[in-house]
């Protein structure tokens, strides 16, 4: 088999694949066998029909068509590897020659036109300077976290005054449209300023005391009449405020494992620093992508974008919405550009994904979707999305590796250390050394087992089958250690980032309760 590549434009190529009779032999044999099993010819058993008889009955063209269709995917994939291209989407294939179409030539030829990943030239990560906001933790930051903790232990008490922002009110609500009561709710609790119930409600209840009511017009938020304007009558039946416990040593012992308020504040300060470090890492990632995008000028595959946009709009049943199409198109272009840049960055940094890293990613994804991990992984495999998952892990590692090598400073010009979140170059070196040591231990074990086998064979004592089985099993148990050292560079990064993300999530949840 031979292949030739013709570049049509920056993102489209034409791949011409020529097949000899020998290249077609296996597919032709399979086609004769398969078609023969489907055809019943008197005097012959299924699958035992001679080729000449089969050709006379169904035509050689049908056999050739079956053979080419059966082998096309494999020949195309082989040609893609041979020409070292990275296709996007499915190719448009045209068979330009079949066996026998040229007298004396039993070969075939097809042309595949496909969009490919454009050539991207990125600057070296070590040459990049990423500037982010500083992450100084002030007393006010600690006070804010302490107050949030105190609110969790606060108690609601009724007050005899008009309701103000932040107060908790007990409400009776009635919504009327065209004289008809659409909804009626009694005794619901709401914190003024939360903004999570009805539009205009905060303004309506502010200043009302217990047993006072008012009516205003506003849109409904849910139900069959969501979005429609209604006459909303709201009555305040109680006004309450949250009393917070004193911030002292007793509170520290009640709300934490610490004995003193000073120890609790020190811990809260550490939490604030970690959260801000995580935020810095996220900001650094975005700034890194901006720098790479500004430095990389390339065209995007048009048909890939069109296909993505069409599928999105079709799913929303909005194919005729031109304004929304324009928005989705811009989003698709931005997402694809980022993906291409990160894929190139991963190649430039020789990123490889370990099985353990992929598993961690899948388990985290399963938790996000609140699914059983086994079920989630099974669905991913069934949908053929595992390669996409591997690519996502590689892209994430690539950004961490690039930031380790880049110069990261804050807006004041001070160097920023993100190693607590993304790891460091020293981590990579240490893991490489550990990997090399583990690989050496495996080699030593294998050599020891081989020597044992040789001794048994020479002495003739007992059977050599048991030691041979042990020799086969021992390397298998240690196999992961034999991978190249570079495949483990981001393991520590992944775990650190996961731990930091978990802490950030806990903090965000606590803040949301405010």
Exercise. Gap in Å between the Cα centre of the stretch 246-317 and the Cα centre of the stretch 90-164?
Worked result: 13 Å
For this session: Work out how much length residue 386 to residue 38 would gain on full extension: take 0.36 nm times their residue separation and subtract the Cα-Cα distance, in nm to one decimal.
Result: 121.8 nm
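Taking the number of other C-beta atoms within 10 Å as the exposure measure, put 240, 397 in order starting with the fewest.
Details: 240 18, 397 25.
If I rank by nearby Cβ atoms, fewest first, I get 240, 397.
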Seminar exercise, completed: If N is the residue count of the stretch 2-116, its Cα Rg over 2.2 N^0.38 Å rounds to 1.24
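Got a sec? How would 269, 320, 228 order by Cβ neighbour count within 10 Å, fewest to most? Write down the numbers at each step before the final one.
Values: 269 17, 320 8, 228 13.
Ascending Cβ contact count within 10 Å gives the list 320, 228, 269.
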For this session: Have a look at the stretch 156-243 and give its Rg and Dmax from the Cα atoms, expressed in angstrom.
Result: 12.7, 42
Problem set entry | Sites residue 151 and residue 124, calculated FRET efficiency, Cβ-Cβ separation with R0 51 Å, nearest 0.05 | 0.55
Exercise. How long is the stretch 155-197 along each principal axis, judged by its Cα atoms, biggest number first, in Å?
Worked result: 39, 20, 17
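Set the Förster distance to 41 Å, then compute FRET efficiency between residue 231 and residue 85 from the Cβ-Cβ distance, nearest 0.05. Mind showing how you got there, number by number?
On the way: r = 65 Å, r/R0 = 1.59.
Efficiency at R0 = 41 Å is approximately 0.05.
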Exercise. At what distance in nm do the modelled label points of residue 212 and residue 315 sit from each other, each positioned 7 Å from its Cα along Cα→Cβ?
Worked result: 5.0 nm
Exercise. With each pseudo-label sitting 7 Å past Cα toward Cβ, what's the residue 244-residue 203 distance in nm, one decimal?
Worked result: 3.0 nm
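Every read-out reported here was derived from the displayed coordinates using simple, explicitly stated rules and does not represent laboratory data. As the structure is a prediction and not an experimental result, all values here were calculated from the model. Glycine also receives a Cβ, built like all others from the backbone with ideal geometry; neighbour counts cover every protein chain displayed.
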